[in-house]
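A.B. asks: This is the structure I have questions about; it appears just below.
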Protein chains: 2
Amino acid sequence: MGMIKKPVNGMKDILPKEMKIRDYVTGLVKETYEGFGFVSIETPCVEHIENLCSKQGGENEKLIFKILKRGDKLNIDNAQTENDLVDSGLRYDLTLPLARYYANHSNELSTPFKALQMGSVFRADRPQKGRFRQFVQCDIDILGDPGYLAETELILATTTLLSKLDFKGFTVRINDRRILKAMAEYAGFEEKDYDNIFIILDKMDKIGLDGVREELVKNGYESGKADKYLRLFTDSRDALSAIRTLKAELGDHLSSEISENLERIITSVSETSSVDFKILFDPTLVRGMSYYTGTIFEIGMDEFSGSVAGGGRYDEMIGRFTGQNTPACGFSIGFERIITILLDKDFAVPGNNNKQVFLIEKGASNERICEILKEASELRNKGVGVLVCQMNKNKKFQKEQLIKDGYAAENIRDFYNSEFKN
Amino acid sequence: MGMIKKPVNGMKDILPKEMKIRDYVTGLVKETYEGFGFVSIETPCVEHIENLCSKQGGENEKLIFKILKRGDKLNIDNAQTENDLVDSGLRYDLTLPLARYYANHSNELSTPFKALQMGSVFRADRPQKGRFRQFVQCDIDILGDPGYLAETELILATTTLLSKLDFKGFTVRINDRRILKAMAEYAGFEEKDYDNIFIILDKMDKIGLDGVREELVKNGYESGKADKYLRLFTDSRDALSAIRTLKAELGDHLSSEISENLERIITSVSETSSVDFKILFDPTLVRGMSYYTGTIFEIGMDEFSGSVAGGGRYDEMIGRFTGQNTPACGFSIGFERIITILLDKDFAVPGNNNKQVFLIEKGASNERICEILKEASELRNKGVGVLVCQMNKNKKFQKEQLIKDGYAAENIRDFYNSEFKN
């Protein structure tokens, strides 16, 4: 078999320039969340196929890379379906592995447990621009805290991170799954139809109120109910009064505990944040995953469509492992999205730029090389980076390449065999 | 299907305490090698099955986790062998992906290219203490430099890293594949037997000269040849004179270019290093991988058996992808081994320990919570980490756990609803 130079379909090699930005963002993520008391953890890339196919992953479960059983366990002759051949697969997100991790280790962990997990996830999606089959997710979660302090801290920490990345003009939109349900109930829809209705509602930002109305009716829902439903979506700039107006309208369909919880998150975030951003109540915010049980939120930026972070409360997932529900709330940061934005705007990683290059003439004597290496060693001991390498035949091209790599022209020095030639 | 709490067989969840050390070592690795002009890159965890099964991986190829083809491509009914079901697998090392990467991107990269790659690799090994099926490798490689400057810089950088980790008393052992061959040729062995002879030679440190002799004879090699061979392995403390003595004995079996190359590496490393360690010529050093073509080296420590880093020159691997050989030389750092050693000696990650904890009484008012969060925000803006969380019912246990997590007792503060109760 011949060797193949390209990476496997849909995955990518990361070049030094991008890697520098990735390392920088990774460092900033760890530093920021550690400043909020989060601790880093890791889970394996490989998960039990039983966990991966447990209906916690929605559409992602169709995209699992499955791993062949090994040796004795593999019986190709009698295999009828894929799952006869596999016992594990690559994880498609970090939330399910986190729930398994917490279930497995909760007696070794603090309560509440504030976790930061960064790692690759894998989805056999159709490859397309900017979407890869292996990509890094960055999740922060607070497990064991049922109160709104969890949501507040998650939002404060994440907006702090974004502002450190010099992002400006971002907006946190927040909603609650239970508000979505109360609104649908108020309008008279049946519970079995909720998911379908929310899928249509989710298109609001693209097709507008009229588009949503049209599609609801087209899907067979009574236009009277659709009208009653859509009247609830009033435009309001002020988050708190929007929630209060909605609560007044919904009456007993929505417990005031839920609306007050949302008000408290909004108040505590906006009153205590040291970062400049907007926080809005957005009753059209749906978020796809069916595991969410309460608050949901998303962060977008004026300059870019789509979101750079999103998450919510999923109080019932850990119970799937332990038999006992554990409050859980988390954010997933769009790591790859952030990297793409930074690459697109030619982001320069901060740091000192006094790195040196020592180019050594080919054929220099061992004594001369030792002299040069000693000089490099002295600089390195002072914390100055030094790249030592042989001078190529085409020195001009070599220097151009080094400058492209980020070295300043005046920091590239030639060393000849006789130091007097220098 | 029920949910499974444990990680998949042979893989592990990483707890916060270990993760802190891993993050610290990762940071130190990046900082140190960047100081030597290396740049970080990444390759996907998944590789083409054709590349993985190309005989570059030796025994590791038996341990590949294979990934099922997807959708239309999968035809279970007609599948006869494993490879009818798969088109990719998880990488078992970082060297093969690096060769593919370089072959794919060489026109975008500097020459020489100094690469640092850290990432998970996967081997379906029999799980045993301290050996996992997913583990991090840390490889540094210099591609495109045929000279001994590459070996010298690799050794200087790696010993610098180990000394920064506060490891003391380590030894670099160095040899050359071509010396191994010259010695076997001198003794009169046939080329087809070399690999088998080297496997036996590799046991020298365990079974000694007599044991090696016995095993050679038991394997059917003439005792005269075995004796002639083993007389070459004289004990010498001084690396340079050992090489010269051996070269004199081997005569034309060994080109002086090869022995002088080794002498130059040893001289330039020992004369220019700012770190304290021994460098020895070790003619019994074999290193398993068949892809090595020249120098090979390993670093061990007095306190611990086995090696913490090893590598060598593999000038022919990239040519498998491009049709044109490219000089290549690299080190693989035993990342997991280093982590285990640091965990065993209860290594404390350096850094300031002024992190604060704010415990908030349950039921505190929103106003009070905002006050506390503002105080936290001010500290965080000054660079002081603050963990804010709700006070648990069992406050004593909570504090004990926090102290175990690394917070100083005096940095844990209680906040009550009325500030006067504090």
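Just so you know, all these numbers are worked out from the coordinates, no wet-lab data involved. Keep in mind that this is a model prediction, so the values were computed, not measured. Positions of Cβ are generated from backbone atoms using ideal geometry, with glycine treated the same way; all protein chains shown enter the neighbour counts.
A.B. asks: How many nanometers, to one decimal and shortest first, lie between the label point of B:Glu108 and those of its other copies, if labels sit 7 Å from Cα toward Cβ?
C.D. replies: Here the equivalent label points are 3.9 nm apart from this one.
A.B. asks: If we hang a label 7 Å off Cα along the beta carbon direction at B:Ala408, how far is it from the matching labels on the other copies, in nm, shortest first?
C.D. replies: Result for B:Ala408, in nm, nearest copy first: 3.9.
A.B. asks: Among the listed pairs A:Lys6/A:Lys395; A:Lys55/A:Lys203; A:Lys192/A:Lys218; A:Lys168/B:Lys399, which are separated by more than 27 Å between their Cα atoms?
C.D. replies: Over 27 Å apart, Cα to Cα: A:Lys6/A:Lys395; A:Lys168/B:Lys399.
A.B. asks: Gaussian network model of chain A, Cα springs within a sub-10 Å range: biggest mean-square fluctuation belongs to which of A:Thr111, A:Thr160, A:Thr284?
C.D. replies: Result for chain A, Cα springs under 10 Å: A:Thr111 fluctuates most.
A.B. asks: If you keep only loop residues by DSSP, which GluC sites (Glu not before Pro) in region B:102-193 have at most 16 other Cβ atoms within 10 Å of their Cβ?
C.D. replies: B:Glu190
A.B. asks: Another one. Quick one: which residues, 5+ away or cross-chain, put their amide H under 5 Å from the amide H of A:Ser88? H built at 1.01 Å from N.
C.D. replies: Those qualifying (amide H under 5 Å, at least 5 residues apart or on another chain) are A:Ile49, A:Ile67.
A.B. asks: Ordered shortest first, which distances in nm separate the 7 Å Cα→C-beta label point of B:Ser236 from those of the other copies?
C.D. replies: Taking the point 7 Å beyond Cα along Cα→Cβ, the inter-copy spacings are 8.8 nm.
A.B. asks: Same structure, new question: Give me the angle, in degrees from 0 to 90, between the Cα long axis of helix A:395-404 and the longest principal axis of the Cα atoms of chain A, rounded to the nearest 10.
C.D. replies: For A:395-404 against chain A, the angle is about 30 degrees.
A.B. asks: Note the direction-averaged projected area, equal to a quarter of the hull surface, for the Cα convex hull of the protein assembly as shown, in nm².
C.D. replies: 40.2 nm²
A.B. asks: Report, in deg cm²/dmol and to the nearest 500, the calculated mean residue ellipticity at 222 nm for chain A, where each DSSP H run with n ≥ 4 adds -39500 (n - 2.57) and the sum is divided by the residue count.
C.D. replies: Here the helix-only value at 222 nm equals -12000 deg cm²/dmol.
A.B. asks: Label-point separation (nm) for B:Lys393 and B:Glu378, each offset 7 Å from Cα along Cα-to-Cβ?
C.D. replies: Taking the two extended label points, one gets 3.5 nm.
A.B. asks: At 7 Å along the Cα-to-beta-carbon direction for both B:Asn75 and B:Asn219, put a label point, then send me their distance in nm to one decimal.
C.D. replies: Rounded to a tenth, the inter-label distance reads 4.4 nm.
A.B. asks: Sticking with this one: Roughly how tilted is helix A:95-105, in degrees to the nearest 10 and between 0 and 90, from the longest Cα axis of chain A?
C.D. replies: Compared with the principal axis, the helix lies near 90 degrees.
A.B. asks: Where does each of B:Asp166, A:Asp77, B:Asp125 land when they are ranked from fewest to most other beta-carbon atoms within 10 angstrom?
C.D. replies: A:Asp77, B:Asp166, B:Asp125
A.B. asks: Of the residues B:Phe277, B:Phe347, B:Phe132, which exhibits the maximal mean-square fluctuation in a Gaussian network model of chain B defined by a 10 Å Cα contact cut-off?
C.D. replies: It is B:Phe347.
A.B. asks: Something else now. Rank B:Met391, B:Met118, B:Met204 by mean-square fluctuation in a GNM of chain B with C-alpha springs under 10 angstrom and give only the top-ranked residue.
C.D. replies: Of B:Met391, B:Met118, B:Met204, the Gaussian network model singles out B:Met391 as fluctuating most.
A.B. asks: Still on this structure, please answer the following. First check a/c for region B:356-420, with a ≥ b ≥ c the square roots of the eigenvalues of its C-alpha gyration tensor; if it is under 1.5, answer rounded, and if not, answer prolate when a/b is larger than b/c or oblate otherwise.
C.D. replies: In terms of gyration-tensor shape, oblate.
A.B. asks: Note the angle between two axes, namely the Cα long axis of helix B:239-250 and the longest principal axis of the Cα atoms of chain B, as a number of degrees from 0 to 90, rounded to the nearest 10.
C.D. replies: Around 30 degrees separate the two axes.
A.B. asks: If amide hydrogens are placed 1.01 Å from N in the peptide plane, which non-local residues have theirs closer than 5 Å to the one on A:Glu42?
C.D. replies: Amide H neighbours of A:Glu42, under 5 Å, 5+ apart: B:Ile14.
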